[in-house]
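The values are calculated or read from the model by the stated rules, or taken from the named source; none is laboratory data. Given the structure is predicted, the values throughout are model-derived calculations rather than measurements. In this analysis, Cβ positions are derived from the backbone assuming ideal geometry, glycine residues included, and neighbour counts consider all displayed protein chains.
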Amino acid sequence: MPHPLHSELETLVLGAGASTGLSIQGLQVLTHRIPMTVQVLVRWADGRDVSLDDCAAFSGPLGDALESANLLGDTPWVLEVSSPGIGDDLSQERDFISFRGFPVEVIRRGEEGHESRQDGLLVGRDDQELLLNVRGRTVRIPRDQVVRVRLVSPEPDP
């Protein structure tokens, strides 16, 4: 369940990102952490990857904006700004190009609405299909069945 202030925080974060040329890839409010953590994932709007310095440069003004808005009140919180990394969903076309050959997990919806998981190495995707290498064979998954594609850690060699 999203935090009750998620939409207000998202509006503030999106505005701050747009003014710097950053695209906001994700926002989470992690209330189970002490102190509460506001986690923001960013990427340059033109598709370039962000560096640690870029994250640090954005973190200061974003933190000031969050404090000024006083949305979180007196609750102690920490701001984490980072770029999407391993374990994150692939969503943009550039992701499917950049991570060719990487191990992925695909969640797909079958004809009866049941979800299933397919692991393999990402070959690519086109307008119709997502292509995986599964033990040396190409598996074609219709894009309308793909619910989610996520990077996973490679399996260690036996």
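Would you mind finding the one in Pro76, Pro84 that is touching a strand residue (DSSP E or B) at 6+ places or on another chain (Cβ under 6 Å) and touching a residue at least 40 places away in the same chain (Cβ under 8 Å)? Can you show your working first?
Details: Pro76 fails: touching a strand residue (DSSP E or B) at 6+ places or on another chain (Cβ under 6 Å).
Criteria check complete, one pass: Pro84.
Of the conditions (1) at positive phi; (2) under 19 Å from the mean Cα position of the chain (by Cα); (3) free of Cβ contacts under 8 Å to residues at least 40 places away in the same chain, Gly47 clears all except one; give me its number.
The number of the failed condition is (3).
Yes or no: the stretch 105-121 includes at least one residue that is within 20 Å of the chain's Cα centre (by Cα) and among the β-branched types (Val, Ile, Thr). So that I can check it myself, show each step before the final result.
Within the stretch 105-121, the first condition is being within 20 Å of the chain's Cα centre (by Cα), and the residues that meet it are 105-108, 117-121.
With among the β-branched types (Val, Ile, Thr) added as a condition, the list becomes 106-107.
Among the residues of the stretch 105-121, at least one is within 20 Å of the chain's Cα centre (by Cα) and among the β-branched types (Val, Ile, Thr), which makes the answer yes.
Yes or no: the stretch 140-147 includes at least one residue that is touching a residue at least 12 places away in the same chain (Cβ under 8 Å), of a type in the set (S, T, N, Q) and surrounded by 12 or more Cβ atoms within 10 Å (Cβ to Cβ). Before you say what the answer is, go through the steps one by one.
Initially, the stretch 140-147 is screened for residues touching a residue at least 12 places away in the same chain (Cβ under 8 Å), giving 141-143, 145-147.
When the remaining residues are screened for being of a type in the set (S, T, N, Q), the result is 145.
If we keep only those that are surrounded by 12 or more Cβ atoms within 10 Å (Cβ to Cβ) too, we end up with 145.
Yes, that holds for at least one residue.
Somewhere in the stretch 98-106, is a residue aromatic (Phe, Trp, Tyr) and either in a helix (DSSP H, G or I) or assigned by TED's automatic domain parsing to the domain that holds Leu27 (or both)? Before the answer, list the steps.
Looking only at the stretch 98-106, we keep the residues that are aromatic (Phe, Trp, Tyr), and these are 99, 102.
Pick out the ones that are also either in a helix (DSSP H, G or I) or assigned by TED's automatic domain parsing to the domain that holds Leu27 (or both) and you get none.
No, because not a single residue in the stretch 98-106 is aromatic (Phe, Trp, Tyr) and either in a helix (DSSP H, G or I) or assigned by TED's automatic domain parsing to the domain that holds Leu27 (or both).
Just the residues that are assigned to a helix (DSSP H, G or I), exposed (fewer than 15 other Cβ atoms within 10 Å of the Cβ) and charged (D, E, K, R), please, taken from the stretch 1-41.
Across the stretch 1-41, the qualifying residue is only Glu8.
What's the total number of residues in the stretch 121-141 that are assigned to a strand (DSSP E or B) and closer than 18 Å to Ser91 by Cβ? Break it down stepwise before answering.
First, the residues of the stretch 121-141 that are assigned to a strand (DSSP E or B): 121-125, 129-134, 137-141.
Narrowing further to those that are closer than 18 Å to Ser91 by Cβ: 122-125, 129-132, 141.
So the count comes out to 9.
Can you find a residue in the stretch 42-56 that is assigned to a helix (DSSP H, G or I) and surrounded by 14 or more Cβ atoms within 10 Å (Cβ to Cβ)? Quick ask: steps written out before the conclusion?
Taking the stretch 42-56 as the starting set, the residues that turn out to be assigned to a helix (DSSP H, G or I) are 52-56.
Going one step further and asking which of them are surrounded by 14 or more Cβ atoms within 10 Å (Cβ to Cβ), we end up with 54-55.
Within the stretch 42-56, one or more residues are assigned to a helix (DSSP H, G or I) and surrounded by 14 or more Cβ atoms within 10 Å (Cβ to Cβ).
Can you report the number of residues in the stretch 70-95 which are out of contact with any Gly (no Cβ under 6 Å at 6 or more places or on another chain) and not in a strand (DSSP E or B)? Spell out how you get there, then give the answer.
Kept after step one, since they are out of contact with any Gly (no Cβ under 6 Å at 6 or more places or on another chain), are these residues of the stretch 70-95: 70-78, 80-93, 95.
Filter again for not in a strand (DSSP E or B), leaving 70-76, 83-88, 90-93, 95.
Counting residues in the stretch 70-95 that are out of contact with any Gly (no Cβ under 6 Å at 6 or more places or on another chain) and not in a strand (DSSP E or B) gives 18.
Can you work out which of the residues in the stretch 101-139 that are in contact with a helix residue (DSSP H, G or I) (Cβ under 8 Å, 6 or more places away or on another chain) and not small (Gly, Ala, Ser) is surrounded by the fewest Cβ atoms within 10 Å (Cβ to Cβ)?
As a first pass, look at the stretch 101-139 and keep what is in contact with a helix residue (DSSP H, G or I) (Cβ under 8 Å, 6 or more places away or on another chain): 108-110, 122, 124-125, 127-130.
Next, only the ones that are not small (Gly, Ala, Ser) stay: 108-109, 122, 125, 127-130.
Values: Arg108: 19, Arg109: 14, Leu122: 23, Arg125: 21, Asp127: 5, Gln128: 9, Glu129: 18, Leu130: 24.
Looking at residues that are in contact with a helix residue (DSSP H, G or I) (Cβ under 8 Å, 6 or more places away or on another chain) and not small (Gly, Ala, Ser), I get Asp127.
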